[in-house]
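In what follows, a structure is listed as structure tokens, so that the remarks can point back to it.
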Amino acid sequence: MTVPLPIVAPSILAADFARLADEVRAIEDTADWVHVDVMDNHFVPNLTIGLPVVQSLRAATRLPFDVHLMIEDPRRWAPGYADAGAYNVTFHAEACADPVALAKELRSAGAKAGLAIDRDTPIEPYLDLLPSFDTLLIMTIKAGFGGQRFIPNLLDKVRTARRHVNAGHLELRIEVDGGIAVDTIAEAAEAGADAFVAGTAVFGADDPAEAVRRLRSLAQCAAPRA
Ligand code: DX5
Ligand code: ZN
């Protein structure tokens, strides 16, 4: 089993919101993507940022935006993030009646399409939809808040997805999100993840750029090779 080179996507949820542009620039040379957690106080209890912040921040960095929509009714809102220049727009399977239709819309708006699977959602019903997607985000916590403890059992979903992706020769990133840090990233990489969201572990560190480098090298060392 082989996986592509790892992507590290720091989540600005753990950054200082009063200094967002500076926080993003601090990881500009080491991160692959910037992960933007959009929460609407309905799909999850928390409320974070939305489209205006993404539009403003887009001009402040050349890093691709990995937008993670934890919102109801993504069909209504997701295409706006693609129009705002997001590289990848991920919405939750639990919030969408027709994920394939929305993936098509996102792709035709010029973005990659991502499907997110929350803690209590099984992966099996979604495996056949994966050819319509570019990213599969598997939560390793319950979506809603940063700083939670990583749940190792959820990596079974990553293993299942990795087998499916490799067997079908799908071009799809398998991304993990929640509690990813120096003590958990290797385990997630071994399971077959190849994109890693990290909030607290990056923006809570004294040197966020160095934290990204360290996470990437740990993921790379642990990645399965044929
Ligand atoms: C939580 C968000 C995560 C969060 C990760 O629902 O989707 O992206 O920011 O934060 P940490 O890395 O602190 O668990
Ligand atoms: Zn996220």
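The values are calculated or read from the model by the stated rules, or taken from the named source; none is laboratory data. Given the structure is predicted, the values throughout are model-derived calculations rather than measurements. Every residue, glycine as well, gets a Cβ built from its backbone with ideal geometry; the counts of neighbours run over all protein chains shown. Protein only, heavy atoms only, side chains kept; ligands, DNA and RNA dropped before computing areas. Shrake-Rupley method; radii C 1.70, N 1.55, O 1.52, S 1.80 Å.
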Whole-percent carbon and sulfur contribution to the accessible surface of the chain (1.4 Å, no ligands, DNA or RNA) stands at 50 percent
Extension reserve of the residue 217-residue 1 stretch, reckoned as 0.36 nm per residue once the Cα distance is removed: 75.9 nm
Got a sec to turn the phi values of the stretch 179-184 into Karplus ³J(HN,Hα) couplings, 6.51 cos²θ - 1.76 cosθ + 1.60 with θ = phi - 60°, whole Hz, x for Gly and Pro? x, 7, 7, 4, 8, 10
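Under a Cβ-only charge scheme (Lys and Arg +1, Asp and Glu -1), can you give me the dipole magnitude of the stretch 144-226 about the Cα centre, in debye to the nearest 20? Before the final figure, lay out the partial values.
Working: 10 positive and 11 negative charges, 60 e Å.
Dipole about the Cα centre, nearest 20: 280 debye.
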What are the principal axis extents of the Cα atoms in the stretch 1-126, in Å, biggest first? 40, 39, 30
Given the options 64, 93, 6, identify the residue whose Cα lies farthest towards the positive end of the charge dipole of the chain (+1 on Cβ of Lys, Arg; -1 on Cβ of Asp, Glu). 6
Hey, what D do you get for the chain in µm²/s if you plug the Kirkwood alpha-carbon radius into Stokes-Einstein at 20 °C and 1.002 mPa s? 125 µm²/s
For the stretch 37-67 and the stretch 102-179, compute the distance between their C-alpha centroids and round to whole Å. 19 Å
Got a number for the accessible area of residue 87? Probe 1.4 Å, square angstrom, nearest 10. 90 Å²
Counting heavy atoms of the protein chains only and a 1.4 Å probe, report the per residue accessible area for the chain as a whole number of Å². 43 Å²
Cross-link partners among aspartates and glutamates for residue 142, C-alpha distance below 13 Å, same-chain residues fewer than 8 apart left out? 94, 118, 120, 177
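Hand me the trypsin sites (Lys or Arg not before Pro) from the stretch 144-186 located in a DSSP loop with no more than 11 other Cβ atoms within 10 Å, in residue order please. Could you put the intermediate results ahead of the total?
Values: sites: 149, 157, 159, 162, 163, 173; in loops: 149.
Counting only loop positions with at most 11 other Cβ atoms within 10 Å, the trypsin sites (Lys or Arg not before Pro) in the stretch 144-186 are 149.
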For the stretch 69-120 (alpha-carbon point model, no solvent) the Debye-based log₁₀ I(q)/I(0) at q = 0.15, 0.24 Å⁻¹ works out to -0.32, -0.81
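Assigning unit charges at the beta carbon (Lys, Arg +1; Asp, Glu -1) and nothing else, what dipole magnitude in debye, to the nearest 20, does the chain show about its Cα centre? List each step's numbers first, then the result.
Working: 21 positive and 31 negative charges, 75 e Å.
Charge dipole of the chain: 360 debye, to the nearest 20.
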Which residue fluctuates the most in the chain, going by a Gaussian network model with Cα springs under 10 Å, if the choices are 116, 193, 26? 26
